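Remarks on the structure that follows.
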Amino acid sequence: MAVHKAGRRTVRVATAVAAAALIGVTASACGPDGGDNGGDNGGGAGKTSSAAPKSKDPGSEAPDAGAPEAKAPPASSARLADVAASVKGGVITVGDPKAGHTVKVYEDSRCPFCKKFEEGGAQALIEPVADGEVKIEYTIASFLDKNLGGSGSVNAANALRAAVEAGKFPQYHAAVFANQPEEESDDAYTPAFLLKIADKVDGLRGAAFDKAVTNGTYKEWVGEAMTAFTDDGIEGTPTVLIDGEKASGDSLYDQATFAKELKAAGIS
């Protein structure tokens, strides 16, 4: 799978996507180690988010005051509403721990190609996970903050970890990617916006979740997840392993094509 290396500017991502469209090749991925396909999908270093302007009196407003409205996650995510999620080390597992097949997914919430995967190939995983045939092990990286500026990846990973405790990880994970900012936008994954996204997941908002998102309660875990990503030798996101075998980069962004890869691995 080609790798979209982080450490360049926004124009490189846009150029890579446009070039891929022109030649009919699926766009690459995001990566932490720099390289020819580098780029970013947010504002450059030093920019502040336009999504949640600071209040003159923070104590006088709700923690999500000033954030834009969010959109709902895909309806397909409701199929996973009763599927449990758990945490071990830096990995979040969704599905029956005893499932016969394991799909490992490595993502960064700010990576536009991860959103393409979630909207494409990942849709083929919903039924097998809901039926107990497959479990997904997510490693949520946060390397793009270093290259793009801001703290959106860390904020989003922290919020996703909080959603596990609230019992709503699958739906919130879908909602976070559904609301990923455009490549040219500022670093929009602020705590305030992440709370607005949580409004779109029934039963997620509450004192404990809101506090964890606002205060960065799980930032230590975010670092642990990034260490897991690095220790696994992953070079780019999204990277997907089906029972230990890397999925073809060309299959990740199309539901039907990825379903064929799953079927070849014995997953119906």
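The values are calculated or read from the model by the stated rules, or taken from the named source; none is laboratory data. Here the structure is a predicted model, which means the values were calculated and not measured. Every residue, glycine among them, receives a Cβ derived from its backbone with ideal geometry; neighbour counts consider all protein chains shown.
Just the residues that are of a type in the set (Ser, Thr, Tyr) and either free of Cβ contacts under 8 Å to residues at least 40 places away in the same chain or buried (at least 19 other Cβ atoms within 10 Å of the Cβ) (or both), please, taken from segment 240-254. Residues satisfying the conditions are Ser251, Tyr253. Only one of Leu160, Leu148 is in contact with a His (Cβ under 8 Å, 6 or more places away or on another chain), closer than 25 Å to Cys30 by Cα, surrounded by 24 or more Cβ atoms within 10 Å (Cβ to Cβ) and hydrophobic (A, V, I, L, M, F, W, C); which? After ruling out the rest, the residue left standing is Leu160.
Before we move on, is Ala84 more than 20 Å from Lys196 (Cβ to Cβ) and not polar (S, T, N, Q)? Here the answer is yes, as Ala84 does meet what is asked. Ala65 falls short on exactly one of the conditions (1) in a helix (DSSP H, G or I); (2) surrounded by fewer than 16 Cβ atoms within 10 Å (Cβ to Cβ), and that condition is (1).
Here the condition is being loosely packed, with under 14 Cβ neighbours inside 10 Å, more than 22 Å from Ala264 (Cβ to Cβ) and modelled with pLDDT of 95 or more; of Gly59, Gly132, Gly89, it holds for Gly89 alone.
The rows are residues; the columns are (1) β-branched (Val, Ile, Thr); (2) over 26 Å from Thr227 (Cα atoms); (3) at pLDDT below 95; (4) out of contact with any Lys or Arg (no Cβ under 8 Å at 6 or more places or on another chain).
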{"residue": "Ala67", "(1), (2), (3), (4)": "no, yes, yes, no"}
{"residue": "Ala70", "(1), (2), (3), (4)": "no, yes, yes, no"}
{"residue": "Asp108", "(1), (2), (3), (4)": "no, no, no, yes"}
{"residue": "Pro128", "(1), (2), (3), (4)": "no, yes, no, yes"}
{"residue": "Ala175", "(1), (2), (3), (4)": "no, no, no, no"}
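Among the residues making up segment 199-230, those that are assigned to a helix (DSSP H, G or I), farther than 16 Å from Ser109 by Cβ and of a type in the set (Val, Ile, Thr) are Thr214, Thr227, Thr230. Exactly one residue out of Leu194, Leu204 is under 17 Å from the mean Cα position of the chain (by Cα) and modelled with pLDDT of 95 or more: that is Leu194. Each residue in segment 100-120 was checked for being within 18 Å of Thr139 (Cβ to Cβ) and surrounded by fewer than 19 Cβ atoms within 10 Å (Cβ to Cβ), and 2 pass. Checking each residue in segment 92-110 for being among the hydrophobic types (A, V, I, L, M, F, W, C) and either without any contact (Cβ under 8 Å) to a residue 12 or more places away in the chain or more than 26 Å from Pro181 (Cβ to Cβ) (or both) picks out Ala99, Val103.
Criterion applied to Thr257, Thr190, Thr237 was being closer than 25 Å to Glu133 by Cα, in contact (Cβ under 8 Å) with a residue 24 or more places away in the chain, crowded, with 22+ Cβ neighbours inside 10 Å and polar (S, T, N, Q), and the one residue passing it is Thr237.
Pairs linking a residue in segment 155-171 that is farther than 12 Å from Ser86 by Cβ and modelled with pLDDT of 95 or more to a residue that is hydroxyl-bearing (Ser, Thr, Tyr) and surrounded by 24 or more Cβ atoms within 10 Å (Cβ to Cβ), with Cβ atoms under 7 Å and 6 or more positions apart or on different chains, are Asn155/Tyr189; Asn155/Thr190; Ala156/Ser109; Ala156/Tyr189; Ala157/Ser109; Ala157/Ser142; Leu160/Tyr172; Ala163/Tyr172.
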